[in-house]
1. Hey, among the residues in the range 46-81 that are of a type in the set (S, T, N, Q) and within 27 Å of the chain's Cα centre (by Cα), which one's nearest to residue 93 (Cα to Cα)?
2. Determine which single condition residue 118 fails, assuming it passes every other condition in (1) of a type outside the set (S, T, N, Q); (2) at pLDDT below 95; (3) out of contact with any strand residue (DSSP E or B) (no Cβ under 9 Å at 6 or more places or on another chain); (4) open to solvent by 100 Å² or more (accessible area, probe 1.4 Å).
3. Looking only at residues in the range 124-146 that are among the aliphatic types (A, V, I, L, M) and either in contact with a His (Cβ under 6 Å, 6 or more places away or on another chain) or part of a helix (DSSP H, G or I) (or both), which one is nearest to residue 35 (Cα to Cα)?
4. Under 21 Å from residue 50 (Cβ atoms) and exposed (fewer than 14 other Cβ atoms within 10 Å of the Cβ): does that describe residue 111?
5. Do we find a residue being touching a helix residue (DSSP H, G or I) at 6+ places or on another chain (Cβ under 7 Å) and under 26 Å from residue 45 (Cβ atoms) anywhere in the range 66-83?
6. Looking only at the range 61-86, count every residue that is modelled with pLDDT of 95 or more, closer than 26 Å to residue 106 by Cα and open to solvent by 100 Å² or more (accessible area, probe 1.4 Å) and tell me the total.
7. Just to be sure I understand the filter: pairs with C-beta atoms under 7 Å, separated by 6 or more residues or on different chains, first member in the range 123-138 and closer than 16 Å to residue 27 by Cα, second member open to solvent by 50 Å² or more (accessible area, probe 1.4 Å). Which pairs pass?
8. Considering only residues of the range 1-57 that are modelled with pLDDT under 95 and β-branched (Val, Ile, Thr), which is surrounded by the fewest Cβ atoms within 10 Å (Cβ to Cβ)?
Amino acid sequence: MSGATVSLQQIHSLSKFKMSETDQPINEQQVIAKYKELQNTCNSFAQKIGDLEQDLGEHRLVEDALKPLDKNRRAFRLVGGVLVERTVGEVLPSVSSNRANLEGVVDNMRKTLEEKQKEMFIWKNKYNIRTAEEAESERKQQMASN
């Protein structure tokens, strides 16, 4: 998602628009700040999910490479920046466990990303926020229909 540029004309009378009975009045800058915060959060989650999926793929490769090997064969593992010698029988269970944990973390992060995207979509629609690209597209459609 690219950064959103929002003008006064694109947000309808937000100077004293109330979110709900319990919330304080919110102005245009607060609306834009909240939208950008949601965008940045979504981008951060997407980036982190990508990084973790790459780690997950590497764990699968190592796991697949170790499975057919003799359990007593030497294997080396990097632990806290130190290369330690172990056996395949010792390394494989920890690699499998780490892979399973990574899968759980990625699944949780995907769910959280979905929730944040929904929240951002609701916020965007509630305050009629349009990115520069969307505003330009709407203008072209209006010009074409006239």
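1. The residue in question is 54.
2. All conditions are met except number (2).
3. 132
4. yes
5. No: the range 66-83 contains no residue that is touching a helix residue (DSSP H, G or I) at 6+ places or on another chain (Cβ under 7 Å) and under 26 Å from residue 45 (Cβ atoms).
6. Result for the range 61-86: 2.
7. Cβ pairs passing all conditions: 123/34; 128/12.
8. 22
The values are calculated or read from the model by the stated rules, or taken from the named source; none is laboratory data. Just so you know, these numbers come straight off a predicted model, no measurement behind them. Virtual Cβ from ideal backbone geometry, glycine too; neighbours counted across all protein chains shown. The area values use the complete protein model at the heavy-atom level, side chains included, leaving out ligands, DNA and RNA. Shrake-Rupley method; radii C 1.70, N 1.55, O 1.52, S 1.80 Å.
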